[in-house]
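Note sheet for the following structure.
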Amino acid sequence: MKQYKKPEFHFIRNVGGMSGRETAGLQDDRLEEYLSQEAFTEEKKKYRIRSGFVLREIAGEYTIIPVDSGSLISNAVMAPNDSAVFLWKAFEQPSTKEDVVRKGLEEYDTTEEIIRNSIDHFVESTLKYKILEEVE
């Protein structure tokens with residue numbers, strides 16, 4: 001018997017260069033090959049905030065407090081701006097970068113490029129400090 005998983009789907013940017021119509025028309029073996037390209041593998045990665053961090057709002061200001069003594073930044077408190085809080089909340093649940101890009105475009109009046117670059121930087125820096133983790 002299979003293990004039940006909560007139904008979910010995530011947006012993955014089509015980085016292979018084919019249109020949606022072309023992609024849908026591929027035979028199964030060719031589609032599998034197309035979707036297994038390294039660029040797609042990177043796009044499919046999901047991330048979430050590790051346990052051991054608490055986001056708190058106090059008097060209209062946000063603070064991130066590491067509560068796990070094993071954290072790389074266990075002796076500090078972080079003061080994120082509103083955009084960082086948005087990204088933090090977006091990654092509280094497993095999400096691809098593209099999931100968060102789409103949410104960001106709905107939330108902010110800016111270009112996709114700026115949002116995408118901000119998300120890339122957020123993911124890179126929070127992975128480095130072991131705040132974010134890659135999940136299945």
Residue set E33, E98; condition touching a residue at least 40 places away in the same chain (Cβ under 8 Å), surrounded by 11 or more Cβ atoms within 10 Å (Cβ to Cβ) and either outside any loop (DSSP other than H, G, I, E, B) or small (G, A, S) (or both); output residue E98
Tell me yes or no: at least one residue of the stretch 64-78 is of a type outside the set (D, E, K, R), loosely packed, with under 11 Cβ neighbours inside 10 Å and modelled with pLDDT of 90 or more. no
Residue count, the stretch 45-67 (criterion: part of a loop (DSSP other than H, G, I, E, B) and either touching a Ser or Thr at 6+ places or on another chain (Cβ under 7 Å) or under 17 Å from S125 (Cβ atoms) (or both)): 3
Please verify whether E42 is outside any loop (DSSP other than H, G, I, E, B) and under 27 Å from R13 (Cβ atoms), treating the condition exactly as stated. yes
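The values are calculated or read from the model by the stated rules, or taken from the named source; none is laboratory data. The model shown is predicted, which means the values in this text are computed figures rather than measured ones. No Cβ is skipped: glycine too gets one built from the backbone with ideal geometry, and neighbour counts run over all protein chains shown.
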